[in-house]
Amino acid sequence: SEMCIRDRLETMRGEGTLFGLGDDFTPTTPDFSSLTSLSSSLSKENRQKVLLISRLFCVVNPSIRPGPWQHSHDYDLSQMHCIIEAIQSSFRNLYDACILAALPKDSSRFSLVSLLRRNAPFRGTLNIGLGYVIRDMIQSSVTNHPTSIENLLKKYPEFEMMEHYLKRGHLVFDSIVKVFEYFKKKGNANDYPLSLVEQYQQAYNYLHNEFKRIALIKAD
């Protein structure tokens, strides 16, 4: 529903204590601040954008080579993973309940559910690796060591289809901005705080420019 969309977008933004971050996008627990892999070269404004972008890219669940994660860990993205897993679990349980309610009211429905589950949504194991990749890519431009897709593939060799999934993340962000535009035309824009809409729009513009910088999309 529309309210669910708004709530999920608010969760990504992470204001207040819901996501463990304050209104200025800084960890509310000082002891964990050093575990957030953000460059000190980022301005406060761009810090907010990078956090929002990397959180949203966590919902793009890429296929990666099996094996232990060999890269750094991040407190902010680890929290994001917990939230996404909880949401997926809720959707999975709701889906199962709907299937059971629609099937015949006898013992055969349980065997039918087992068959349906094989291709049911919300079953896969989630990973948030793309959140790390996009954060690394964006921050390289502010540390005077701009990266390329080739360098990212060398650093994260487990992402065999990295370019495909990065573009998918860009498409997800683009779709969210269009959702805002749709609700504005529909007349429900007041249901969305202006700060929420502006932060997503600004973050998307920032992401779009970074994609053009490394030629993942064509220049306008």
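General remarks:
- Gain in span if fully extended, residue 175 to residue 103, counting 0.36 nm per residue against the direct Cα distance: 22.5 nm
- When Rg and Dmax are taken over the Cα atoms of segment 38-83, they come to 12.4, 36 Å.
- Neighbourhood net charge (13 Å Cβ-Cβ; Lys/Arg +1, Asp/Glu -1) for residue 62: 0
- Anisotropy class assigned to segment 125-178 is oblate, per the alpha carbon gyration tensor with a/c at or over the 1.5 cut-off and a/b no larger than b/c.
- Each peptide in 172-180, 48-56, 67-75, 133-141 was scored by the mean count of other Cβ atoms within 10 Å over its residues; highest first, the order is 48-56, 133-141, 172-180, 67-75.
- By the rule of a C-alpha distance below 24 Å, with chain neighbours fewer than 8 residues away ignored, the lysines paired with residue 212 are 44, 49, 154, 155, 167, 178.
No lab work stands behind these numbers, since they all come straight from the coordinates. Note that the structure is predicted; figures quoted are calculated from it, not measured. Here the Cβ is made from the backbone with ideal geometry for all residues, glycine too, and neighbour counts use every protein chain on show.
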